[in-house]
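Trainee: My structure is below; once you've seen it, I'll send some questions.
The values are calculated or read from the model by the stated rules, or taken from the named source; none is laboratory data. From a predicted model like this one, the values you see are computed outputs, not experimental measurements. Heads up, the Cβs are rebuilt from the backbone with ideal geometry, glycines too, and the neighbour counts pull from every protein chain shown. Quick note on the areas: whole protein, heavy atoms, side chains included, nothing else; ligands and nucleic acids left out. Shrake-Rupley method; radii C 1.70, N 1.55, O 1.52, S 1.80 Å.
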Amino acid sequence: MPRKQFDLIVFDWDGTLMDSTSTIVKCIQAAARDLKLPVPSDDRAAHVIGLGLHEAMQAVLPDVDPAFYPRMVERYRYHFLSRDHEVSLFPGVHDMLDELSQAGYFLAVATGKSRVGLNRAMNDVKVLSLFDATRCADETFSKPHPAMLQELTRELGQDMRRTVMIGDTTHDLLMASNAGAAGIAVEYGAHPVEQLHACQPLYSAKTVAELHQWLSEHA
């Protein structure tokens, strides 16, 4: 069956494919606690998910001495590494990716994770072979800058107008808009639904099953 709208489907990782939002929030809070800094609320910590690590620490604690940001990153990494074995794909994600790959779509990831962190996570959940390209925040500009999508489309020889970005944060949807790609929201991740809808995504999925069905019928 010919593809209807898209040739390249780009996914965010944390909170979109990987059920890691609450773990990331706890690790940001633990890092602040370690350094005796103000501990951000759950909502505030969740809001910075998807940004590059350095940008995330600046955004979550804007009023502290900038000298603390590299130490926050180091402590966050320490805590996340000690807990990343607890984190898994959302139910249904592997089947969805497998089906999309079999259907001939180009699949990619654009994430705020580091290259080392993404490769380890993808390897752990055995999806490395399903993706044609990936881009991480320590390799280029952080979301919502359009660079990740621009680089992915160039690398894979794809048209931005036939590319869709799927994510659980406004950072993802704004990146899509900035790049000239379509954006799809998922409502089960880090950002509140009303913030996602304010970005006017093409579609908003409440569950992985809804996302899978929409992509099967409309992508």
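Trainee: Here is a list of conditions, (1) in a strand (DSSP E or B); (2) within 23 Å of Ile28 (Cα to Cα), and Ile184 meets all of them except one; can you say which number that is?
Mentor: Going through (1) in a strand (DSSP E or B); (2) within 23 Å of Ile28 (Cα to Cα) one by one, Ile184 breaks only (2).
Trainee: Also, quick follow-up: Among the residues of region 86-112, what is the count of those that are of a type outside the set (S, T, N, Q) and part of a helix (DSSP H, G or I)? Full working, then the answer.
Mentor: Here is the first cut: in region 86-112, the ones of a type outside the set (S, T, N, Q) are 86-87, 89-100, 103-110, 112.
If we keep only those that are part of a helix (DSSP H, G or I) too, we end up with 86, 93-100.
So the answer is 9.
Trainee: Applying the selection to region 55-89, what residues are more than 14 Å from Ala31 (Cα to Cα), without any contact (Cβ under 8 Å) to a residue 24 or more places away in the chain and surrounded by 13 or more Cβ atoms within 10 Å (Cβ to Cβ)?
Mentor: Within region 55-89, Ala59 is the sole residue that qualifies.
Trainee: How many residues does region 19-36 hold that are open to solvent by 10 Å² or more (accessible area, probe 1.4 Å), outside any helix (DSSP H, G or I) and under 29 Å from Pro146 (Cβ atoms)?
Mentor: Final tally of qualifying residues: 1.
Trainee: Out of Val48, Val64, Val39, report the one residue that is in contact with a Lys or Arg (Cβ under 7 Å, 6 or more places away or on another chain) and either among the β-branched types (Val, Ile, Thr) or farther than 23 Å from Arg135 by Cα (or both).
Mentor: Val39
Trainee: Among the numbered criteria (1) surrounded by fewer than 20 Cβ atoms within 10 Å (Cβ to Cβ); (2) at pLDDT 95 or above; (3) in the same structural domain as Met148 (by the TED database), which single criterion is violated by Met96?
Mentor: Met96 satisfies every listed condition except (1).
Trainee: Same structure again: Taking the residues in region 127-148 that are aliphatic (A, V, I, L, M) and over 13 Å from the mean Cα position of the chain (by Cα) as candidates, determine which candidate is surrounded by the most Cβ atoms within 10 Å (Cβ to Cβ).
Mentor: Among those residues, the one meeting the criterion is Val127.
Trainee: Taking region 193-204 as the search range and keeping residues that are under 19 Å from Ile49 (Cα atoms) and without any contact (Cβ under 8 Å) to a residue 24 or more places away in the chain, which one is least open to solvent (accessible area, probe 1.4 Å)?
Mentor: For region 193-204, the residue satisfying everything is Ser204.
Trainee: Just checking: which of the helices (runs of 4 or more DSSP H) contained wholly in region 37-85 hold 1 or more residues that are more than 26 Å from Glu187 (Cα to Cα)?
Mentor: Once the helices (runs of 4 or more DSSP H) in region 37-85 are filtered for at least 1 residues that are more than 26 Å from Glu187 (Cα to Cα), what remains is 68-83.
Trainee: Inspect all residues belonging to region 118-126 and state whether any of them is closer than 26 Å to Thr170 by Cβ, of a type in the set (Gly, Ala, Ser) and open to solvent by less than 20 Å² (accessible area, probe 1.4 Å).
Mentor: Yes.
Trainee: I'm trying to understand the selection: among the residues of region 149-159, which are closer than 27 Å to Asp95 by Cα and exposed (fewer than 15 other Cβ atoms within 10 Å of the Cβ)?
Mentor: Glu155, Gly157, Asp159
Trainee: Among the residues of region 104-117 satisfying the criterion of being within 17 Å of Thr169 (Cβ to Cβ) and of a type in the set (Val, Ile, Thr), which is farthest from the chain's Cα centre (by Cα)?
Mentor: Val109
Trainee: State whether the residues of region 165-179 include one that is surrounded by 14 or more Cβ atoms within 10 Å (Cβ to Cβ) and either of a type in the set (Lys, Arg) or over 25 Å from Leu196 (Cα atoms) (or both).
Mentor: Of all residues in region 165-179, those surrounded by 14 or more Cβ atoms within 10 Å (Cβ to Cβ) come to 165-179.
Those still in the list that are either of a type in the set (Lys, Arg) or over 25 Å from Leu196 (Cα atoms) (or both) too: none.
No, region 165-179 contains no residue that is surrounded by 14 or more Cβ atoms within 10 Å (Cβ to Cβ) and either of a type in the set (Lys, Arg) or over 25 Å from Leu196 (Cα atoms) (or both).
Trainee: Could you please tell me which pairs satisfy a Cβ distance under 7 Å, a separation of 6+ or placement on different chains, a first residue in region 156-181 that is more than 16 Å from Tyr203 (Cβ to Cβ), and a second residue that is open to solvent by 40 Å² or more (accessible area, probe 1.4 Å) and in a helix (DSSP H, G or I)?
Mentor: Hits for this filter: Ala179/Gln150; Gly180/Arg161.
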